[in-house]
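The values are calculated or read from the model by the stated rules, or taken from the named source; none is laboratory data. Source: prediction; values computed, not measured. Note: ideal-geometry Cβ built from the backbone for every residue, glycine included; neighbour counts use all protein chains shown.
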Amino acid sequence: MPPRSQRQLRGDAAAIAGAAQEGAAHGSADPAGPDTASPATGAGRTTSGSDAGDSLRILALACADCQACPLAESRRQVVVGRGHPQARLLLVGEAPGAEEDASGRPFVGRSGQLLDRLLAEAGLDRERDLYIANIVKCRPPQNRRPTAAEMAACRPWLDRQLALLDPPLILLAGATALAGLLGIRSGISRLRGQWQTWQGRQLLPLFHPAYLLRNPRRGPGQPIDLTVGDLIAARERLQALTRPDAG
Ligand code: SF4
């Protein structure tokens, strides 16, 4: 497929944005319509790298003008996602903070820098191995947690990202990601490190890097070391999926 022009991309973006506003008003799961995410082995994905990149750029253009919840009033810009368009590992966090709101990129502040160090320690490359997104795409005032209504309004955008990326592995960073994607509100400590299965995907809850910044001690059983262990487990599953005999 030839690359789409900027005009075509903007036309596609406007169509998706219109569907998203409609979906937010009526509780639809996906701005593109019904849930198009296939049970994720990754094997059925047919989009090329450039197609996937184009689709994610269209999504970002559409999301940039979203007014589907009150967070639109206070944001500087939406923070849609970043990473490799064909990554098989998606990390979902909570919401943009001040630095993300200013830069338009997720996980670039102190939490993101810590995340980068832990990913590297676990043998994962943020740009090559991951795509990173948040439950809500706009910064909540004073970095408060997003409300249930805001998470519900923003869910169609995450669902569209899931449909485009079709990641077989998902890391859920923090309790809000766990609640926002799976509706589980039991807290992160009870489930972190335990693989979950959802829509054919394997999900691993983790501590959020912001929590790790508040608990910086290292050592066996400390949150940072537990998180590195979780990331190593994710890297091993990723490698198992990409082995030639993985099917
Ligand atoms: S948080 Fe999500 S639903 Fe709310 S305005 Fe931003 S992009 Fe739209």
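Data for the structure
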{"quantity": "Condition broken by L203, with the remaining ones in (1) closer than 27 Å to R57 by Cα; (2) touching a Pro at 6+ places or on another chain (Cβ under 9 Å) satisfied", "calculated": "(2)"}
{"quantity": "Residue within segment 237-245 that is touching a residue at least 60 places away in the same chain (Cβ under 8 Å), charged (D, E, K, R) and under 21 Å from D125 (Cβ atoms) present", "calculated": "yes"}
{"quantity": "Positions within segment 124-141 being closer than 18 Å to P167 by Cβ and not aliphatic (A, V, I, L, M), in sequence order", "calculated": "D125, R126, E127, R128, D129, Y131, N134, K137"}
{"quantity": "Restricting segment 77-105 to residues that are in contact with a strand residue (DSSP E or B) (Cβ under 8 Å, 6 or more places away or on another chain), closer than 26 Å to L241 by Cα and not hydrophobic (A, V, I, L, M, F, W, C), the residue that is surrounded by the most Cβ atoms within 10 Å (Cβ to Cβ)", "calculated": "G93"}
{"quantity": "Pairs, first over 13 Å from T176 (Cβ atoms) in segment 150-161, second in a helix (DSSP H, G or I) and more than 9 Å from the ligand (Cβ to nearest atom), C-beta under 7 Å, six or more apart", "calculated": "P156/G23; R160/L59; Q161/L59"}
{"quantity": "Which listed residue, of A87, A52, A95, A60, is over 21 Å from R144 (Cβ atoms), within 16 Å of the chain's Cα centre (by Cα) and within 16 Å of the ligand (Cβ to nearest atom)", "calculated": "A60"}
{"quantity": "Any hit, segment 128-137, residues being surrounded by fewer than 16 Cβ atoms within 10 Å (Cβ to Cβ), within 16 Å of the ligand (Cβ to nearest atom) and farther than 21 Å from P223 by Cα", "calculated": "no"}
{"quantity": "Segment 145-162, subset more than 10 Å from the ligand (Cβ to nearest atom) and more than 12 Å from the chain's Cα centre (by Cα), residue surrounded by the fewest Cβ atoms within 10 Å (Cβ to Cβ)", "calculated": "A148"}
{"quantity": "Residue in segment 124-146 that is of a type in the set (G, A, S) and farther than 23 Å from R214 by Cα present", "calculated": "no"}
{"quantity": "Filter pass, G123 being over 26 Å from E236 (Cβ atoms), away from the ligand (no atom under 16 Å from the Cβ), among the small types (G, A, S) and in contact (Cβ under 8 Å) with a residue 12 or more places away in the chain", "calculated": "no"}
{"quantity": "Scope segment 163-214; condition surrounded by fewer than 19 Cβ atoms within 10 Å (Cβ to Cβ), in a loop (DSSP other than H, G, I, E, B) and not basic (K, R); matching residues", "calculated": "G183, I184, S186, G187, G193, Q194, W195, Q199, G200"}
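A quick yes/no check of all residues on (1) closer than 21 Å to R201 by Cβ; (2) modelled with pLDDT of 95 or more; (3) among the β-branched types (V, I, T); (4) touching a Lys or Arg at 6+ places or on another chain (Cβ under 7 Å):
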residue: R88; (1), (2), (3), (4): yes, yes, no, no
residue: L91; (1), (2), (3), (4): yes, yes, no, no
residue: E99; (1), (2), (3), (4): no, yes, no, no
residue: G109; (1), (2), (3), (4): no, no, no, no
residue: Q113; (1), (2), (3), (4): no, yes, no, no
residue: L119; (1), (2), (3), (4): yes, yes, no, yes
residue: L130; (1), (2), (3), (4): yes, yes, no, no
residue: I135; (1), (2), (3), (4): yes, yes, yes, no
